Structures are given as C-alpha cells and as structure tokens.
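Q: Structure incoming, see below.
Please treat every number below as a calculation from the coordinates, not as lab data. Source: prediction; values computed, not measured. In this analysis, Cβ positions are derived from the backbone assuming ideal geometry, glycine residues included, and neighbour counts consider all displayed protein chains.
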Amino acid sequence: MLLPNILITGTPGVGKTTLGKELASRSGLKYINVGDVAREGALYNGYDEEYDCPILDEEKVVDELENQVTEGGVIVDYHGCDFFPERWFHAVFVLRTDNSILYKRLETRGYNEKKLGDNIECEIFQVLYEEAMLSYKEDVVHQLPSNTPEELEENINQILGWIEQWVKDHNP
Ligand code: ADP
Ligand code: MG
C-alpha cells in the first residue's frame, strides 16, 4: 500500500513534536524527529558558538533518511525544510503560534534571552513559512494555527482526514 510522507515544520516551540507524535500514534505512520536522528548518528559538521549547539550536516541527514522516506508513510519533524528533497513530501504543514504564547513556551524551556528573541523574531517574520513556500509547490504547503489544545485536536483531525483521502486516491 502506498502511504504519504508528511513534513511538520515551524519555529521551535510551535508544537511540531506534540502534533507529530500524536498523529503517528493515531495514523500508524512513522514519526521521525530529525534532531534526534542527527544526535544519534552525530550527523554534524561544525559547532555554533553563539547558540552553543552543533550544526546539522544536512547532506548526511538526507542520506540517512533517504531509504526510509522513499518507502513512504513517514511524519518528519524539523524546524527547517529547505534541505530535504522536494519530492520527499506530499504535504508540508507549517505550524504557527502567537508571539505571547510562543514566548511563554520557550521561556519554560529555559532558552536564554538571545535564543528566545531570535526564535520570536523567526515566528514574527514567518521565516519557516517563507522557507516552505520557496522549497515546495504552493499547493503542498499548509499553515496551521497551534495555540491551544482545541487547535491541536483540529489539526490532528484535519491531517488524519488528509491522510485518509491521500491513501484512497493512491491505492485503487
Ligand atoms: P516543537 O516540537 O515545535 O518545538 P513541542 O511539541 O515541543 O514544540 O511543544 C512545545 C510546548 O508547547 C510543549 O509544552 C507542548 O505541550 C505545548 N504545545 C504544543 N502544541 C500546543 C497546542 N496546540 N496548544 C497548547 N500547547 C501546545
Ligand atoms: Mg520538537
């Protein structure tokens, strides 16, 4: 059976992991957290002193995931989207969160002021949405509000519906 691949992206803190894991458990698709994959395989090619974190080796990440994604049926979670092959994803969901709500979530995470400010700015300037629109066909990219538990539930149901339709359309 053919299964779709979904990318969930957005600024850190918007709720990608929460949505991705819940979707995977309800749909049976496989959840892949790119940050975890990079950590497990040490797929880095440098160190960012300013942010005090390793820099992702995007090429190695793509190589690592290629076979799994090509099989189909994965939900990929990452706060970036311009380095994946365009052909990988049948739908790209960009989660969006209001500034004040996102601020509180990132504060709770213990982000320092610089990291907090940069991430809020990233959300204000719709960096991930623009990146998605430049990297994928317009009709593949969908923005979803991610502020409340009710919105989370709506997003889950909407994407489950999308998956069901995709599976029907691609498995005669
Ligand atoms: P990301 O993976 O995008 O960094 P997380 O899924 O870790 O974000 O979510 C960040 C925080 O926000 C978590 O504490 C999570 O419980 C909360 N959260 C995520 N989505 C929602 C939502 N729709 N409504 C309320 N809280 C949410
Ligand atoms: Mg996450």
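Q: If I model a spin label as a point 7 Å beyond the Cα along the Cα-Cβ vector, how far apart are those points for Y47 and S100 in nm?
A: In this crude label model, Y47 to S100 measures out at 4.0 nm.
Q: Local charge sum around N155 (other residues, Cβ-Cβ under 14 Å, Lys/Arg +1, Asp/Glu -1)?
A: With Lys, Arg at +1 and Asp, Glu at -1, the net is -2.
Q: Can you sort W88, W162 by how many other beta carbons sit within 10 Å, fewest first?
A: Ranked by crowding around the Cβ, least crowded first: W162, W88.
Q: Please give me the summed charge of the neighbours of N119: other residues whose Cβ is under 12 Å from its Cβ, Lys and Arg +1, Asp and Glu -1.
A: Local charge sum for N119: -1.
Q: About its Cα centre, how strong a charge dipole does region 49-172 have in debye, to the nearest 20, once Lys and Arg get +1 and Asp and Glu get -1 at the Cβ?
A: That gives a dipole near 340 debye.
Q: Note the full-extension length gain between E107 and D169 as 0.36 nm times their separation in residues minus their Cα-Cα distance, in nm to one decimal.
A: Contour length minus the Cα-Cα distance gives 18.0 nm.
Q: Name the residue from Y78, G41, Q158 whose Cα lies farthest towards the positive end of the charge dipole of the chain, charges +1 on Cβ of Lys and Arg and -1 on Cβ of Asp and Glu.
A: Most positive-ward Cα: Q158.
Q: Right, another one. Dipole of region 91-136 (Lys/Arg Cβ +1, Asp/Glu Cβ -1, origin at the Cα centre): which of V92, Y111, I124 lies farthest to the positive side?
A: It is Y111, whose Cα lies furthest towards the positive end.
Q: Within a Cβ distance under 11 Å of D98, other residues only, what is the Lys/Arg minus Asp/Glu net charge?
A: So the environment of D98 carries a net charge of +1.
Q: When only Cα pairs under 8 Å and 6 or more residues apart are kept, what is the percent relative contact order across the chain?
A: 34
Q: I would also like to ask the following. Scattering from the C-alpha atoms of the chain alone, worked out with Debye: what is log10 I(q)/I(0) at q = 0.13, 0.18, 0.19, 0.20 1/Å?
A: These q points yield log10 I(q)/I(0) values of -0.65, -1.25, -1.38, -1.51.
Q: Let me ask something else. Sort T148, T18 by Cβ crowding within 10 Å, fewest neighbours at the top.
A: Ordered from fewest to most neighbouring Cβ atoms within 10 Å, T148, T18 come out as T148, T18.
Q: Right, next: How far apart, in nm, are two points set 7 Å out from the Cα along the Cα-to-Cβ line at M1 and at F83?
A: Calculated label separation equals 3.4 nm.
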